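S.K.: Input: one structure, supplied below.
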Amino acid sequence: MDISAIIVAEGLCPDIHLTISSSRELSKEVIVVDIGIDLAVRRKLQSEYDDITIRKMEKPDFVELIRQETFSFAAHDWILLLDPDEYLSPDLVRYMQTLNPEVLATHSHFKIPRQNYIFGKWISHSRWWPDYQVRIFRKDSIQWPKMLHAQPLINGKGYVIPAFENEKVEMNARTIVHHNYTGIVQYLEKAVRYARVEAEDIVTQEKEFTLLEATRRATSEFISRFFAEKGYKDGVHGFILAVLQMFYAMLVFSFVWEKRGYNDVSPVSLQKSVHQMFLTTSKEIIYWMRRERIFKGTQAMFAKFKEWILSS
């Protein structure tokens, strides 16, 4: 299995040495696509690694715009795709190295679980796990749409890599390790950039995106992540991430609203949106807190709160 590893990188890339070293364990060649790497970092890469290739490309608004084009740099039929804040776990490398050759012959891509470390902690709920990613694939089996956060269009049969050798024990993780957001400012900076791109797409394609729809999307993000996907088990991390994802939905609407001239909405629409954001959401929160039996010992408080909500 001859693999070309492709890493699209920009900025300081503090984890890129881990990315490169783990890639070399599986790959015949490593290609770093430079879309704005810090000059000192680039020089260090060139001095430390004489077996990697660095290709320069213009920085896109988001990486999916150039994903497909980067595949043309690969000399081999199989591609390993990593971001510079990701690396392959040792157990994933060993698993791939000992894989039955028949699996390679009958599959076109591999779905790999990804461990997201956010604000210094592995987020094992909140829709951040197992976060399967198609990152090893035959070059001719895939098309990557030029859309923000787009998933690839794939031909052929996929192979799902089990996250653990023993699912009950959760040891020997076969994962891509992703040091995602390291701080709140980094999250907010990316959120603003992505929200602007998403808003531009909505406006350009003349899509409807109402305040009511935005509040529904926002509250759904919070409820689904914190309750349905058990984000509360991630503690404060899970709560803050659910709130930030809720905020992102409103941020997209805010940029759409800005681009369309800060147009007002009818009093009825505003009332429905406020109702959705607060009253409807409160009822859903009560339902989920009771169902999941979160924060025991608060039954009396919930009874009073429910009485107030239902009378509103």
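S.K.: Just to confirm my filter: which helices (runs of 4 or more DSSP H) fall fully inside the range 6-81 and include at least 3 residues that are in contact (Cβ under 8 Å) with a residue 60 or more places away in the chain?
M.R.: Counting at least 3 such residues, we get 16-24, 67-70.
S.K.: If the requirement is being outside any helix (DSSP H, G or I) and under 18 Å from A191 (Cβ atoms), which of these qualifies: F209, F222?
M.R.: F209
S.K.: While we're here: For residues that are small (G, A, S) and at pLDDT 95 or above, scanning just the range 103-123, find the one that is surrounded by the most Cβ atoms within 10 Å (Cβ to Cβ).
M.R.: S108
S.K.: Run down K28, K56, K44 and say which single residue is assigned by TED's automatic domain parsing to the domain that holds S141, more than 27 Å from R138 (Cβ to Cβ) and over 19 Å from the mean Cα position of the chain (by Cα).
M.R.: Of K28, K56, K44, the one residue that is assigned by TED's automatic domain parsing to the domain that holds S141, more than 27 Å from R138 (Cβ to Cβ) and over 19 Å from the mean Cα position of the chain (by Cα) is K44.
The values are calculated or read from the model by the stated rules, or taken from the named source; none is laboratory data. Computed from a prediction, not measured in an experiment: that's the story for all the values here. Here the Cβ is made from the backbone with ideal geometry for all residues, glycine too, and neighbour counts use every protein chain on show.
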